[in-house]
Every structure is written in C-alpha cells, then in structure tokens.
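J.: Quick one: the structure is below, questions incoming.
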Amino acid sequence: MATEVKVPTLGESVTEASIGELLKNVGDAVAVDEPIVSLETDKVAVEAPSPVAGVIKEFKVAVGDTVEVGAVLAIIDEGGTAAAAPAAEPKAAAPDAGVEKAAPAQAKEALGSDASQTLSPAVRRAVLEHGVDPSTIKGTGKDGRLTKEDVIAAAQAKTSSPAPAQAASAPAPAAAATGERREERVKMTRMRQTIAKRLKSAQDTAALLTTFNDVDMSAVIESRERYKDLFAKKHDIKLGFMSYFAKAACLALKDIPGVNAQIDGDEIVYHDYVDISVAVSAPNGLVVPVVRDADSKSFAQIEKDIADFGKRAKEGTLTMEDMKGGTFTISNGGVFGGLMSTPIINPPQSAVLGLHRIEDRPVVRNGEIVIRPMMYIALSYDHRLIDGREAVTALKIIKEAIEDPTRMLIDL
C-alpha cells in the first residue's frame, strides 16, 4: 500500500519551506515517525517524518525545492522490504569518478558499511569529496546524526594538522601541479535569505545609531567565582554572565521604557513586560529564541532557558514559538573573541545590546593605574523612537548594575 508523506504544519503564518536535505534514499527502510526530509523555514529547520513503516518508493522533491504546507514529499511502500545492496562490480573510469577515486579507502569502506544507512545523500557526498572517515566524526545533528557541516569541519581540522610524510614515488596532486584555483557556488538557505532580508530591512527602515561604554567585570567575576559551586549544586545549571546582563537590562528597560518599545505605523507600542531575544549560533545561521518574562525570572531560570535554547539550536529542534515575539535583544559576540561591534536591531524591536570579550586593561581607580577585567558594551537603537539621552542612560544603568550587582537585588 502506497502512503504519501506530506509537508506538515510549519507554524503560525508560515506557509512554505525549502527542502534542506533528503535524510534517506529511495529503497531505504523507514520506521514510523522516522524523519526522511529536512525542511528549512524562515526561522527554523523542521523534519518531515514517515507516517508508516515501510520502504521509500519515490521522492517527489529535490534539495532546494520550495514546497507548501500539504505538498507531497515522498511515497512510502507500506510493509515493503528494503532492496538488497547490489554486489560491487568493477567500473570503467568515468569523467566524474575523480571525486570518489580521491577519497581514502577508509572513507569508502565506511560508506559501504551498515552505518552508512544513517547518512543522508548530502553527507555521503561530502564524505567522498573530503575523504574523511564518518565513523570518526561526532555528529551534532538531531539524535547525534552526522551533518554536512560536521564533515566539512572534520576535513578542515584534518588539513590543518601536519600530514604524514609521503613516499617519494607518490605523484603530486594535479591541482597542486597546475596551480588550479577553485570556486564553489552554494545556494543560500531559506534561513540565511531571511536573515539577510531582515537585517537589510532594519538598515533601510530604522534610523540606526550605536552608543558605547565599558564595564569593569570585577564584581560579577568575583560573585560568580564565590557562588558558582553552590549555584550549580542547588539549581543544576552553571552560573554564567548572560543572566547578569539580562537582569541588568531589565532594570534599564523598566526605567527607560522607550528602549523596550516598538514602532507600529504611526503609533508607539510600550510593553510592561520584558521578553529578551538571545542571539544563538545554529548550524544554518543565527537564531534568536526568546526568554519570556525575563524581568520576573530568577538568575537560575534565565540560565536554564538560555542553555536549553543553545542545546536545541545545535540539534535543530527550536520551534517557531520559541522565536516568536521579543521586546529586546542581547547578542554576545564575546564568545567568538569580538572586541567591539555595532549590532543591528532585530525588527520590530528598537534596541539591541552587544556584549564583547573580557580582557585585562589598565584603568584609573582612585588616582592609580590598576589592571581590571574590562568589557566594551554597545547599544544599537532606532533613533526614530529612542533619543540619545535615553540610550546613553539605559546603557549607563546596565554598566552600573554589572559593576555593583547588589543594585539588581534592591531594584536600584
């Protein structure tokens, strides 16, 4: 009996998606609810599962296709059995066989094993192109599945390490001998296209301006070192810096409500709550899940929310609901070593706080030059709504709260 696999409901106001990856091949056996196609929407990647157990008879789509909700993705032969792998036969050299010939023996052997059944076609080709052994790579996809990015990262790590000496009789690669230079064209994912459009729209629409300050992180570092073990034991989560900045931002947004507001037509919408969008790096691009009611949550709950978002972003299991809304954004470029930046607001929000790396710098305290762990912080804002005085004041409140964390406890 043939059963259709259709595009599932993708979320509120989302009507279409792009085919990101075919997770199975024609002829593969699938179980009930086993994912067979990865779909990319404007914000998240979702997977289309098989509604029945059987064998994939046919795919109706290809990678890169745009599909609407309800469209047929594949046909499953319910109750069918997977076809046996054909016996290996010697093949004459073909013009496009060079990629596979270049792959090491262990990569081809691994692809021929039973473990290869969990590899998608895109991952299988990446393994052959880069000549790596997939069994030695730790997958970061859902349920530990290997992704194309994992293969590329492993290949880059392999090339950056010293290669063993080769026999003098081994011929040099053709590309090295001819000095060949290569280019590769890769279609932008739907998520990356959406990120590009939204950020450019923010520049075109908002009157963007950025104000800067620097923060002495000594007090936060000291309190974190003093209480991190007790905090982890009680709450089963590490005490990080993001919860400090989230609570400090809540103080600033309550005192300067315009920074927590947004423009809607010819009206200003003020919020009596603080939903903080936290920029998180995912395999397909930057995503901004939302910590709801951050102003009423504890440090521990904020840390748990952020840790959960980071984990699910890597797994590709964030939902549309996770990223819906948000009144203010915090982006931490410091985790990548950034010293200073001018972050772009996340429309329709009106402001974003940028955090950066902590480094020891000489500063003057009580007339003496001392070394302190300092961080530059930046607040980008929409000047149509927020005046310079308000922006500078909000950033100053955040600075003072971080340098004296007691302020966050007594709401000062």
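The values are calculated or read from the model by the stated rules, or taken from the named source; none is laboratory data. Since the model is a prediction, treat every value here as computed from it, not as a measurement. Cβ sites come from the backbone with ideal geometry, for glycine too, and all protein chains shown count toward neighbours. Please note that ligands, DNA and RNA were not included when accessible areas were found on the heavy atoms of the full protein model with its side chains. Shrake-Rupley method; radii C 1.70, N 1.55, O 1.52, S 1.80 Å.
J.: Under the Karplus relation 6.51 cos²θ - 1.76 cosθ + 1.60, θ = phi - 60°, what is the ordered set of whole-Hz ³J(HN,Hα) values for the stretch 180-188, x standing for Gly and Pro?
T.: 5, 10, 10, 10, 9, 10, 10, 5, 5
J.: Right, here's the next one. Once the whole set of protein chains is in place, how much accessible area is left on Ser38, using a 1.4 Å probe, in Å² to the nearest 10?
T.: Answer for Ser38: close to 20 Å² accessible.
J.: Solvent-accessible area of Met340, probe 1.4 Å, all protein chains present, reported in Å² to the nearest ten, please.
T.: 100 Å²
J.: Continuing with this model, one more query. Which percentage, to the nearest 5, of the DSSP beta bridges contained in the stretch 264-332 is antiparallel?
T.: Once the DSSP bridges in the stretch 264-332 are tallied, antiparallel ones form about 65 percent.
J.: For Phe212, what accessible surface area do you get with a 1.4 Å probe? Give it in Å², rounded to 10.
T.: Roll a 1.4 Å probe over it and Phe212 shows about 90 Å².
J.: Heavy-atom accessible area per residue, the stretch 197-316, 1.4 Å probe: how many Å²?
T.: Per residue, the stretch 197-316 has an accessible area of 52 Å².
J.: How about Lys311: which aspartates and glutamates have a C-alpha closer than 18 Å to its C-alpha, ignoring those fewer than 8 places off in the same chain?
T.: Those aspartates and glutamates meeting the cut-off are Glu47, Asp143, Glu149, Asp150, Asp236, Glu303, Glu321, Asp322.
J.: If you rank Arg226, Arg292 by how much accessible surface each has, with a 1.4 Å probe, what is the order from largest down?
T.: So, going from the largest accessible area down, we get Arg226, Arg292.
J.: Another question about this same structure. Could you give the length gained on full extension between Glu400 and Lys6, defined as 0.36 nm per residue of separation minus the Cα-Cα distance, in nm?
T.: 136.5 nm
J.: Can you compute the modelled spin-label distance between Ser298 and Thr317, with each label point 7 Å from Cα toward Cβ, in nm?
T.: 2.5 nm
J.: Residues in the stretch 341-364 near a label at Asp214, defined as backbone nitrogen under 13 Å from the 7 Å Cα→Cβ point?
T.: Once the point is set 7 Å along Cα→Cβ of Asp214, 357-364 turn out to lie under 13 Å by backbone N, inside the stretch 341-364.
J.: Sorted from largest down, give the three principal axis spans of the alpha carbons of the stretch 205-355, whole angstrom values.
T.: So the three principal-axis extents are 50, 36, 31 Å.
J.: Further question: What order, most packed first, do the peptides 332-339, 21-28 have when packing is the mean number of other Cβ atoms within 10 Å of each residue?
T.: 21-28, 332-339
J.: Kirkwood hydrodynamic radius, computed over distinct alpha-carbon pairs, for the stretch 249-322: how many Å, to one decimal?
T.: 13.6 Å
J.: Roughly what percent of Cα-Cα pairs across the stretch 273-359 reach past 22 Å?
T.: Beyond 22 Å sits 24 percent of the P(r) for the stretch 273-359.
J.: Working out 0.36 nm times the residue gap between Val52 and Asp308, then minus their Cα-Cα distance, what length gain in nm do you get to one decimal?
T.: 89.1 nm
J.: With respect to the cross-link table entries Lys148/Lys200; Lys228/Lys396; Lys200/Lys324; Lys200/Lys228; Lys247/Lys324; Lys57/Lys324, which display a Cα-Cα separation exceeding 31 Å?
T.: With Cα atoms farther than 31 Å apart: Lys200/Lys228; Lys57/Lys324.
J.: For a quick check: with amide H placed at 1.01 Å from N, whose amide H comes under 5 Å from Lys6's, ignoring anything fewer than 5 positions away on the same chain?
T.: Residues meeting the amide H criterion: Leu73.
J.: Another question, then. For the pair Ala71/Gln156, report the inter-label distance in nm, with labels modelled 7 Å from Cα in the Cβ direction.
T.: Inter-label distance under the simple model: 3.1 nm.
J.: Sticking with this one: Going by accessible area, probe 1.4 Å, with all protein chains left in place, what is the ranking of Tyr273, Tyr244, largest first?
T.: The ordering from most to least exposed comes out as Tyr273, Tyr244.
J.: Under the Karplus relation 6.51 cos²θ - 1.76 cosθ + 1.60, θ = phi - 60°, what is the ordered set of whole-Hz ³J(HN,Hα) values for the stretch 227-232, x standing for Gly and Pro?
T.: Couplings: 10, 4, 5, 5, 4, 5 Hz.
J.: Whose amide H sits under 5 Å from the amide H of Ile36, counting only residues 5 or more places off or on another chain, with H placed in the peptide plane?
T.: Ala48, Ser50
J.: Extending each Cα 7 Å along its Cβ direction at Asp28 and Ser223, get the distance between those two points in nm, one decimal.
T.: 5.0 nm
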